[in-house]
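Chemist: I'd like to ask you about the structure that follows.
A short reminder: the numbers here are calculations on the coordinates, not readings from a lab. Note that the structure is a prediction, hence the values are computed from the model and not measured. Cβ coordinates were reconstructed from backbone atoms using ideal geometry, including for glycine residues, and neighbour counts include every protein chain displayed.
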Amino acid sequence: MTTIRATSQHSSARGQPASAQIVIDQHGVITDWSGEAQELLGYPASEMVGKAANAVLVRHQAEYPDEDGPSGHGSQAPVILRCHDGHSEACQIRIRPVENNPGSWDVSLIPLSEASEALALDSAVLDALFTRSPTSLCVYDTALQLRRFNPAAEGMQGVFGQKSIGLTPHELWPNSNSDVFEAGMRQVLDTGSPLIDFEKRGYPPDDPEHEHIFANSAFRLEDNAGQILGLATTAVEITKQRVAEERIAFLAEASSTIGSSLDVLETSQQLATLAVPHLAEATTVDLFSPVISGEDPAPTSNDLLRAGIWCAGNTFEGENNNQPGFPYPPAASSLTHNAEPRQEIVELAGRGEPLYRETRGTQLAHSLVMPIAARGAILGFASFYRLGLNNPFSDFDLLTARDLVSRAALSIDNARRYTRERNAARGLQRDLSPLDTSGQSAVETTHYFAPDSSNGNWLDVIPISGARVALVLGTTNESGLRGAAAIGRLGAAVHALTDLDLDPEEVLDRLDTLVSRIAGTRSSSSDARDRSTSIELRCVYSVYDPGTGKLRVASAGHALPVVAHPDGNVHLLTAPVGPPLGTADGRQSAVEVDLEAGSTLVFSSASDGSTSMPESLIRVLPSAGAAPLQELRARILHEASGLAQPGGTVLLLARTRRLNENNLSAWDLPSDPAVVATARNLVHQQLSVWGLEAAAFVTELVVSELVTNAIRYADGPINLRVIHDHQALICEVSDRSTTAPHLRYARSSDEGGRGLFLIAELTQRWGTRFSNNGKTIWTEQELDELAA
C-alpha cells in the first residue's frame, strides 16, 4: 500500500500552532509517523509504524472501524493521548483523506492549549479582515455569486451594499473585463491554484467617464474535509501606478518613434499620430512656415501651416487636411509669444477646426494647446482635442503632453536645422551647375541636376579656346555643406585648369594633386571630424573640338559617356578608367575619338561609384538621333530607373556640332617674313565674306603680330586659322615651337617688346595651348564690342 510521508505543517501567522502528522490506512493502522509526533508523544517511528492508532488512546474512546477507517470527511474531535513516559496529552485531532491515495488518512495532532490560542487568533484575524482591513475582500460561492464583502470593498468594482449580494463579478461591473476575470476564478475553483494580480480594467458605475484599474487575486476556500466552498478575492486599486507606468512607456515609445526621420513634416505627423488615442481623440500640429522650409521661425499669427493631423477613426482619405496649408485656429494667436499651455472648451462646427468639418451642428470639446518650443524659440503649436465635456485634461495629462511635445520639439528643430543645411548644400550645388551654356556653339546641351545632401555632385560646360568646349561631371563622397564646399573648391580648380588649355588627362593629374593636398591638410587638422574623413573625387573630363570633330576623354573612377550616333547606333566608349582622385598614385590616361555632327553624348553620375552606364539608360538611346534633347532627357529620366540614386541624379546631354567653311578658314603659311602681308590680306578677305569689315583693322594688326612672332621665334611652317564663333572672332597661329611667349611692359626707350602688349589691349582674351607638335597662340575678340 502506498503511503505518504507525514510532514509537519507550520503557518507563518504568529500564534498558529504546529501540528504533528501521522498517516493511517483504512484499517486504522499507522503507516507513517513524523518526527513531530515523536517529539509530542515520545514514541519513535520504528515502534509505532504498523500498530493500531488506538494504541495511544488513554482510556476507551472512539475507535475507527476496522473496515472503513475514520468516519466522515474532515473529522475533528478532542482526544487524550498516552505519552511514552506515561503522562497524558490532551489534543485536538483533524482527519482528512490523503490526496491521490484512496484509503489513507492524514491525522493532525494539535495540543489543546495551543489549539485554543490559535482558534482565538483565527477568529480575531477573520473579524479584522471583514471589519477593519483596508484591502478589499469578497467571498463568492461556487457559482461565482457574491456572498460576503468587507467595508473596503464597498464602492469598488461595482459592489454597493446588500443589493450586490448574489451577483457575479460581471453583473457587478459589466463595463469591464470581468468576464475574463470570471474565467480565471473558475480555473481557481477547478485547480486550486490561486490567481495573482489579475488586472481588472473598466469604467465603474460610480465613475463612468474614467478608467479604473484594480489588481485582483483569488484563492479557493475549502472546509476541513477538503470540500470546495467557494473562493475569496482581494483587490487593490492601482490606477495611478498603471497610469504612471503607461505614461513612462508612452514617452519611451515617443522617444524611439518621433525623430526617426529628419523630415519636418514627417516628424510632425509622427507626433500627431502617436498622441491618438493615448492622450487625445484628435491632434493637430501647426508650424510657422519658415520652420517647414528649414529657416528660423518668424512668429506671426497668420504664418502657421498645418504640418500634421490625426483623429481616432479617421485617416482623411481623399482629404487635404493632413497637408500644410490649413490655417491655425485663431485661439492660438495669443500664444505666439507665450510658452505656457492653454486649456479651454471650444466649439467644433462645420466652419471651425477642419478636423470636425463633418460635425452636424455645434460640438463642444476640451482642447489643450501646447507651444512647440526648442532652444528658446517657438516653432509652432500642438493641439489636443477630446470630444464632449465629461473628459477634461487632468494635471497628469498636462504633464504628459508637456513631456511629449518637448521631446518632439527637439526632433522637429533637428529636422529643421538639417533641412536648412540640406537646402544650403543643394543650393550651392545648383549654383555650380551650368545655368547658361549659350556662350558656346560647339555643342547643344541640356542637363538635369537633382542634388542631394548625401553626396556632392556637380556638372559643368566650359567654353575654351578655339571654339572648343569642356564637359565635366564629378561626384565626391563628402556630404552636406562639406560636400558642397568640396565640390565648389574643386569646381573652381577645374575652371582654372581649363583656362590653361591642358589636356583632359593632365587636368585630372593636377586635380589629383589638389585632392591629395586637401587630404593632407585634413589629416593634420585639430578637428577630429576632419581627421576621420577622407576625401575622394570621381570625375570625367572631356574636351570636344568642333573644328576637327574630335572628342578627348579622361576618367578618374567615373563612368565614361555613351555616344548615340545620328544613325541610331550606340557606342560605349572604352578607355582605361583611372582610380578616384586622392586614392592612389599614378597618371591618368585619355582616349580620343572622332564624332560626326549630330552625335549625342550622354553623361551620368552614379552615387554608388559604378563606372558603367545603367542598362535601362542605354536602351533609350538608339532613338536619340532625331529626338530633341529636351524630349530625350525626359524619356531617359522616365525610363532609366538606374539613375534614381540616393546621392542625387546628374545627367548631361550634349549634341555635337561641326565648324565648316561658313565659319572657319585655315591657311598653311611658310616661315618667311614676306608672308605677313599675305596673312593680313587673307584675313581681310575672309572678314569681308563674313560681313565683319568693322573688325578688319584690329584683326589684321593682331594677325601681323602673331605671324611675325612665329616666323621670328619658331621653325617650320605656320598655320593660320580664323573662326567666326557665335559672337566672337577667334584668331589662331600655330607653329612647331614649344616656347611660350610672355607679356612684357616695354619702356619708352625700348624698340620692341610691345607686340603681345598690343594684342592683350586689343582683344578680350588671349592665350597659349600646347600640343604634341608645338603650340598655338590664340586671341578672341567679342564682336559686340567691335561693332560698338
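Chemist: Quick check on the exposure proxy: order S599, S193 from fewest to most C-beta atoms within 10 angstrom.
Modeler: The order, fewest Cβ neighbours first, is S193, S599.
Chemist: Straight-line reach from K200: which lysines have a Cα under 22 Å away, not including same-chain ones fewer than 8 places off?
Modeler: Reachable lysines: K163, K240.
Chemist: Summing +1 for each Lys or Arg and -1 for each Asp or Glu, what net charge is found among the other residues whose Cβ lies under 14 Å from the Cβ of R420?
Modeler: Once positives and negatives cancel, what remains is 0.
Chemist: Excluding same-chain residues fewer than 8 positions from K775, which lysines have a Cα within less than 28 Å of its Cα?
Modeler: Leaving aside lysines fewer than 8 places away in the same chain, those within reach of K775 are K550.
Chemist: Next up: What order do you get for C539, C83 when you list them from fewest to most C-beta neighbours inside 10 Å?
Modeler: Numbers: C539 29, C83 14.
Placing the least packed residue first, the sequence is C83, C539.
Chemist: Still on this structure, I have one more. May I ask you to list the GluC sites (Glu not before Pro) in segment 186-284 that are in a DSSP loop and have at most 11 other Cβ atoms within 10 Å of their Cβ?
Modeler: E209
Chemist: What order, most packed first, do the peptides 267-274, 658-665 have when packing is the mean number of other Cβ atoms within 10 Å of each residue? Walk me through the numbers before you get to the answer.
Modeler: On the way: 267-274: 23.1, 658-665: 15.2.
The packing order, highest mean first, is 267-274, 658-665.
Chemist: Let me ask you something else. Show me the three semi-axes of the equivalent ellipsoid for segment 664-787, from the C-alpha gyration tensor (sqrt of 5 times each eigenvalue), largest first, rounded to whole Å.
Modeler: 21, 18, 14
Chemist: For the residues I372, I777, I730, I518, what sequence is obtained by ranking on other C-beta atoms within 10 Å, fewest first?
Modeler: Fewest to most other Cβ atoms nearby, the residues stand as I518, I730, I777, I372.
Chemist: Right, next: So, R0 is 56 Å and r is the distance between the beta-carbons of S133 and R489; what FRET efficiency does that work out to, to 0.05?
Modeler: On the way: r = 81 Å, r/R0 = 1.44.
Once rounded, the FRET efficiency stands at 0.10.
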